[in-house]
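The values are calculated or read from the model by the stated rules, or taken from the named source; none is laboratory data. Small disclaimer: the values here were computed from a predicted structure and weren't measured. Positions of Cβ are backbone-derived with ideal geometry, glycine not excepted, and every protein chain shown enters the neighbour counts.
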Amino acid sequence: MNIHPFEWRDFPLLHRYRKQGLFLDSTRTFIHGPTLIPMGALLTFQGPATRSYTYRCDNCSPAGIPLIGQMTHGLGNSYARLSFLAPENSLEIADLSDLVEYMTEQIGAQGAFHILADVNESSHVYHLLRRVGFAIYARQRIWRLDKQAAGEEDKVTWRAIRSSDMIGARSLYSNVVPGLVQQVEPLPKKNLKGFIHHHNGDIRAFVELKYGKYGIWVQPYVHPDVENIDRKLVYLLNRLPGRRNRPLYICVRSYQSWLEIAVEAIGAQPGDHQAEMVRHLTIANRLKQTHPLHARNGTHAEPTAPIAQVENAQFLELSDIELHPRADSVSRG
């Protein structure tokens, strides 16, 4: 079985498969379009911090049809994403094990600890991925909103997230996202874009945004104690900066399924149920290691208070935008 990284001579095969790809990265597919993209071309719309790795596998199927697989890996991310497999009509009879093993070795060398894939639960590839070591860690459904959000609105203040908000955003993320998901998809340390809503000094809702040519990805994290979230979402979504006529793709995860009632109430249309699948490339192992505390002034420090170190990272922001309850347009704070 011959497996090798994508080469220029493989472009004719990629062109032949251009309408036969099975796309497994929902964010990229919805906001950038379902396109088979060779290695390096992703830089044009995902930024220089994202790398794509494309591979060709010959003799992976009984019919001798070559397969193509691609992964993307963001610089500094602990996980990579399985972007697509092609051609879709040959995957059911193909043996994916050798291709996936090869891709696993290659992406592991780049520092990824996990490979993620978004799979419709009704797809035959769901079972194929399970056979090659993938397992479900969450479920989700993507809702599409083409027009303005419908319904009444609560005129609350939303503002773009800042670097000073990261501690509060991480606290909210830790409270609403299960530990299993946090291990696989930790909140990014930088390049986090979106809007936050405060209540009594605490961040009670955070909506992460990702912009693309064909749409905007909306990922809400909302504390379950927030009231009238549908009205708050109407106010925010109808005032998103730079939306133009692009549709919104609102991702609701299974651990926040109660949000689907609010998302449906504002006029969004539901998509298919998806399984969030992961293949782990490493095994977590806690190491017990003790460190002596040095004596100071003849006494030892009490080891009861934790010492926290906060990384001084720079965060890309949408801008210093605030959505105020007294204004019907976006103003700069």
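Take Ser83 and decide whether it is of a type in the set (Ser, Thr, Tyr), outside the structural domain of Lys213 (by TED's automatic domain parsing), buried (at least 17 other Cβ atoms within 10 Å of the Cβ) and in a strand (DSSP E or B). Full working, then the answer.
Working: of a type in the set (Ser, Thr, Tyr): yes; outside the structural domain of Lys213 (by TED's automatic domain parsing): yes; buried (at least 17 other Cβ atoms within 10 Å of the Cβ): yes; in a strand (DSSP E or B): yes.
It is true that Ser83 is of a type in the set (Ser, Thr, Tyr), outside the structural domain of Lys213 (by TED's automatic domain parsing), buried (at least 17 other Cβ atoms within 10 Å of the Cβ) and in a strand (DSSP E or B).
If you go through region 222-258 and keep only what is part of a helix (DSSP H, G or I) and either in contact (Cβ under 8 Å) with a residue 40 or more places away in the chain or closer than 17 Å to Ser26 by Cβ (or both), you end up with Asp230, Arg231, Lys232, Leu233, Val234, Tyr235, Leu236, Leu237, Ser254, Tyr255, Gln256. Being out of contact with any Asp or Glu (no Cβ under 6 Å at 6 or more places or on another chain), of a type in the set (Val, Ile, Thr) and farther than 27 Å from Thr54 by Cα holds for only one residue in Thr157, Thr104, and it is Thr157. For region 93-103, the count of residues that are surrounded by fewer than 18 Cβ atoms within 10 Å (Cβ to Cβ) and under 26 Å from Gly271 (Cβ atoms) is zero.
The rows are residues; the columns are (1) within 15 Å of Cys251 (Cβ to Cβ); (2) modelled with pLDDT under 95; (3) not acidic (Asp, Glu).
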| residue | (1), (2), (3) |
| --- | --- |
| Glu185 | yes, yes, no |
| Pro188 | no, yes, yes |
| Gly201 | no, yes, yes |
| Val207 | yes, no, yes |
| Gly212 | yes, yes, yes |
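Within region 19-33, residues that are within 19 Å of Asn245 (Cβ to Cβ) sit with their Cβ atoms under 7 Å from residues that are in a helix (DSSP H, G or I) and not small (Gly, Ala, Ser), at 6+ positions apart or across chains, in these pairs: His32/Phe45. Scanning region 245-269 for residues that are touching a helix residue (DSSP H, G or I) at 6+ places or on another chain (Cβ under 8 Å) and exposed (fewer than 14 other Cβ atoms within 10 Å of the Cβ) gives a single hit, Ile261. None of Ile107, Ile115, Ile65 is surrounded by fewer than 20 Cβ atoms within 10 Å (Cβ to Cβ) and not assigned by TED's automatic domain parsing to the domain that holds Leu192 except Ile65.
For region 86-94, does any single residue satisfy the condition of being in a strand (DSSP E or B) and in the same structural domain as Phe30 (by TED's automatic domain parsing)? Scanning region 86-94 turns up at least one residue that is in a strand (DSSP E or B) and in the same structural domain as Phe30 (by TED's automatic domain parsing).
Could you tell me whether any residue of region 74-85 is at pLDDT below 90, more than 22 Å from the chain's Cα centre (by Cα) and aliphatic (A, V, I, L, M)?
First, pick out the residues of region 74-85 that are at pLDDT below 90: 74-77.
Imposing the further condition that a residue be more than 22 Å from the chain's Cα centre (by Cα) reduces the set to none.
No, region 74-85 has no match at all.
Taken as a whole, the structure places Val156 among residues that are β-branched (Val, Ile, Thr) and not in a helix (DSSP H, G or I). Being touching a Cys at 6+ places or on another chain (Cβ under 8 Å) and either without any contact (Cβ under 8 Å) to a residue 40 or more places away in the chain or of a type in the set (Phe, Trp, Tyr) (or both) is a property that holds for Gln219. Scoring Arg159 on the criteria (1) in contact with a Gly (Cβ under 7 Å, 6 or more places away or on another chain); (2) within 30 Å of Met277 (Cα to Cα) leaves a single failure, condition (2). Answer yes or no: is there a residue in region 114-134 that is among the basic types (Lys, Arg) and assigned to a loop (DSSP other than H, G, I, E, B). So far as region 114-134 goes, no, none of its residues is among the basic types (Lys, Arg) and assigned to a loop (DSSP other than H, G, I, E, B).
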